[in-house]
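The values are calculated or read from the model by the stated rules, or taken from the named source; none is laboratory data. Because the structure is predicted, anything quoted here is derived from the model rather than measured. All Cβ positions, even for glycine, are placed from backbone atoms using ideal geometry, and neighbour counts span all protein chains on display. Note: areas computed on protein heavy atoms with side chains; ligands, DNA, RNA excluded. Shrake-Rupley method; radii C 1.70, N 1.55, O 1.52, S 1.80 Å.
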Amino acid sequence: MSLKSSKIIVIKIGSSLLVNENKKIRKKWLASLAKDILKMRKMGKKLIIVSSGAIALGCIKLNIDKRKLKLDKSQAVASIGQIELMNLYSNIFSKIRLNVSQILLTLEDTEERRRSLNAKRTFENLFNLDFIPVVNENDTIATSEIKYGDNDRLASRVAQITNADTLVLLSDVDGLYTKNPKLFKNARLIKKVENLNVELKHFDFKGINELGSGGMNTKIEAAKICRLSGCNMIIANGLYENPLNKIMTHKNYTLFISKISKLDARKKWIISSISPKGELIIDDGAKKALKSGKSLLAAGIKKVNGKFNKGDHIKILDKSNNECARGLCSFSSQEVLKILGHQSKEIEKILGYTTKSEVVHKDDMVEI
Ligand code: GLU
């Protein structure tokens, strides 16, 4: 699906687009983006902005260097900068009668089903009220272990939650290159990626186009989430004015085509979890059963990695460590350790209480 035919679009804007190297806010550029957004609104599209910049604007306000910030101080700086960020959007967008609202999310808000559904409902109500939600991570309370830390993956999770058709990551390069374009003349822009697991397998993107907090690695992670949740993703250069219009008229960007997804919303949410708590390694028999749509039973589990509670997101790997499914585990890791390899009818006796008989029920699992 092209940007023109997309109905719900998430646009991610990195700090380097809002603030230039001389720490000047790029107001003219933001005004040009607002015009593109107005045009798209008139075409009936629903738009969400995921914007970084709280820390960058906080640093400008306090006149301090971003690179020297420690986490606890950066949370305070983000608190100062977030209001600057929203004022910036509000001032520029209101000039052309566009209304913006603020949504701050944490990792837990997207990883917990009930909270993610609440967020989805709020997005829908904001669309109905004709407001454009501007999302950022709630940096003021997110600690390092429970933090996205980059808005690329946050944006992809927002795209999944809102059932978006396309996520646009506006970056300061044209897209994904085969090599670092700043160092290699023969670096080539990859224009289309249909199956990133196969096509990008041999590329090492570490160090390529390392920009903002994320760099290319988090953009690839975002593409994986989008692919599984049925959303196309574009990485395009946002340094130009009217960046969205440019995407619609020129083809100079990287487009990640999503898998056609027949999954319902809950299964899309399961598959795009960004923080699975553990892993179950299974035998070939169990792998075959999963492929034919059956639940995962204790008998087919060989090993448990990580510590998790009942209901947590986990990955299911085959014995060669290839990921074959994701799901919500009906047992804690300690319980699985006790029952693995056993028949389902033995579980009650081993644990001493009545439980479910499937370790991961087929309704709670998505095969990859
Ligand atoms: N949430 C951070 C901020 O607004 C930025 C994260 C990122 O750069 O992706 O400053």
Worksheet, complete the sentence: Taking region 146-173 and the residues there that are of a type in the set (Gly, Ala, Ser) and closer than 24 Å to Lys246 by Cβ, the one that is farthest from the ligand (Cβ to nearest atom) would be Ala164
Worksheet entry | Members of region 353-368 found to be modelled with pLDDT under 90 and within 11 Å of Glu335 (Cβ to Cβ), listed by number | Tyr353, Thr355, Lys356
Discussion item. Residues that are touching a Phe, Trp or Tyr at 6+ places or on another chain (Cβ under 9 Å), closer than 30 Å to Arg115 by Cβ and part of a strand (DSSP E or B): does region 298-309 have at least one?
Written reply: no
Response to the item:
Conditions (1) touching a Lys or Arg at 6+ places or on another chain (Cβ under 9 Å); (2) modelled with pLDDT of 90 or more; (3) in a helix (DSSP H, G or I) -> Ala223 fails only (1)
Worksheet item: Mind checking which residues of region 17-31 are more than 16 Å from the ligand (Cβ to nearest atom), at pLDDT 95 or above and open to solvent by 10 Å² or more (accessible area, probe 1.4 Å)?
Response: Lys27, Lys28, Ala31
Worksheet item: Can you name the helices (runs of 4 or more DSSP H) wholly within region 43-112 that have at least 1 residues being surrounded by fewer than 23 Cβ atoms within 10 Å (Cβ to Cβ), within 12 Å of the ligand (Cβ to nearest atom) and among the acidic types (Asp, Glu)?
Response: 71-94
Worksheet, complete the sentence: Taking region 1-16 and keeping only residues that are within 14 Å of the ligand (Cβ to nearest atom) and either open to solvent by 60 Å² or more (accessible area, probe 1.4 Å) or of a type in the set (D, E, K, R) (or both), one is left with Lys12
Discussion item. Just to be sure before I move on: is Ser332 modelled with pLDDT of 90 or more and either over 25 Å from Arg113 (Cβ atoms) or of a type in the set (Lys, Arg) (or both) in the structure I sent?
Written reply: no
Worksheet item: Which residue pairs have Cβ atoms closer than 6 Å, lie 6 or more positions apart in sequence or on different chains, and pair a first residue in region 113-141 that is open to solvent by 30 Å² or more (accessible area, probe 1.4 Å) and within 16 Å of the ligand (Cβ to nearest atom) with a second residue that is of a type outside the set (Asp, Glu) and in a helix (DSSP H, G or I)?
Response: Thr140/Gln75; Thr140/Ala78; Thr140/Ser79
Discussion item. Quick test for you: out of Lys246, Lys315, Lys277, pick the one residue that is charged (D, E, K, R), closer than 30 Å to Met43 by Cβ, modelled with pLDDT of 90 or more and buried (at least 16 other Cβ atoms within 10 Å of the Cβ).
Written reply: Lys246
Item to complete: Kindly establish whether Asp283 is charged (D, E, K, R), out of contact with any His (no Cβ under 9 Å at 6 or more places or on another chain) and under 17 Å from Val336 (Cα atoms).
Response: yes
Fill in: Phe184 farther than 20 Å from Ser2 by Cα, modelled with pLDDT of 95 or more and of a type outside the set (S, T, N, Q)
no
Discussion item. Considering only residues that are open to solvent by 50 Å² or more (accessible area, probe 1.4 Å) and closer than 20 Å to Lys287 by Cα, which ones fall in region 318-340?
Written reply: Lys319, Ser320, Asn321, Asn322, Glu323, Leu337
Fill in: region 143-183, subset of a type in the set (Ser, Thr, Tyr), open to solvent by 10 Å² or more (accessible area, probe 1.4 Å) and not in a loop (DSSP other than H, G, I, E, B), residue farthest from Ile220 (Cα to Cα)
Ser144
Practice prompt. For residues that are part of a helix (DSSP H, G or I), of a type in the set (A, V, I, L, M, F, W, C) and surrounded by fewer than 18 Cβ atoms within 10 Å (Cβ to Cβ), tally how many sit in region 249-274.
Written response: 1
